[in-house]
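Read the structure below first, then the notes.
The values are calculated or read from the model by the stated rules, or taken from the named source; none is laboratory data. Keep in mind that this is a model prediction, so the values were computed, not measured. Here the Cβ positions follow ideal geometry from the backbone for every residue, glycine too, while neighbour counts run over all protein chains shown. Side chains included, ligands, DNA and RNA excluded: accessible areas come from the protein's heavy atoms. Shrake-Rupley method; radii C 1.70, N 1.55, O 1.52, S 1.80 Å.
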Amino acid sequence: MKTSLILAAGFAVCALAVAFVSFHPPGDVLHAAVSVLQGGDMGLAMATLAVAKTRDYQLGDNEEYPVIAADIIYQGAAVGENGVGYSRPLVAGDPFQGFAIATVDNSLGAAGAVTVNVRKRGNIVLPISGLAITANDRPAVYASDDDTFTLTASTNSLIGYVARWVETGVAVVEFDAALVKAALQA
């Protein structure tokens, strides 16, 4: 009786294996067999990749946005979003998008005719009005335009936090456009 049950179980496993092999490509079969031999679950093995898959990778710390009509964004400028989806040299109150990696000239173009590449997170050395050595307590940094930075919130745009004091009026600023947006929405 015991031998009959073991034989029946063995035949059932063989039948399942034959069915799996007949309906799956060889790469899946090998992947599943290795997974089972390593103590894995065959259900999970079938969900993993069995062949290479091309993915569309983005630039990570960089992003690209359409620029407003009739304007120039210079390299190094703080970039803001104008409220209808276009980037421009930051104006106080704009949501901060990052710092322009290169100059883009859309002075003769329609809105969206060109795009600006921005670094959306990182560390940058900036002149900051009113900054003293006591700024190592990570105060918030704001921009009132694309090249004026301050510790005063008022109607200015939050861009990041002092990471390290360099000298009076100069600091390394840690910025992350996504975190700034999240902080403002909290």
*segment 39-186 - charge dipole about Cα centre, Lys and Arg +1 at Cβ, Asp and Glu -1, debye rounded to 20*: 300
*With r as the distance between the Cβ atoms of residue 170 and residue 64 and R0 = 41 Å, compute the FRET efficiency 1/(1 + (r/R0)^6) and round to 0.05.*
0.90
*segment 49-186: C-alpha gyration tensor shape, a/c 1.5 cut-off, then a/b vs b/c*: oblate
*With point charges of +1 on the Cβ of Lys and Arg and -1 on the Cβ of Asp and Glu, referenced to the Cα centre of segment 91-186, which listed residue (100, 126, 185) lies farthest in the positive direction of the dipole?*
185
*With a Förster radius of 41 Å, plug the Cβ-Cβ distance of residue 182 and residue 110 into 1/(1 + (r/R0)^6) and report the FRET value to the nearest 0.05.*
0.80
_Added length on full extension, which subtracts the Cα-Cα distance from 0.36 nm per residue, residue 54 to residue 103_ = 14.4 nm
*Give the ranking of 114, 172, 125 by solvent-accessible surface, highest area first, calculated with a 1.4 Å probe.*
125, 114, 172
*asked:* Suppose the chain between residue 47 and residue 75 were pulled fully straight at 0.36 nm per residue; how much longer would it get relative to their current alpha carbon spacing?
replied: 5.5 nm
*Express in Å², to the nearest 10, the accessible area of residue 64 obtained by rolling a 1.4 Å probe over the protein heavy atoms while all chains stay in place.*
100
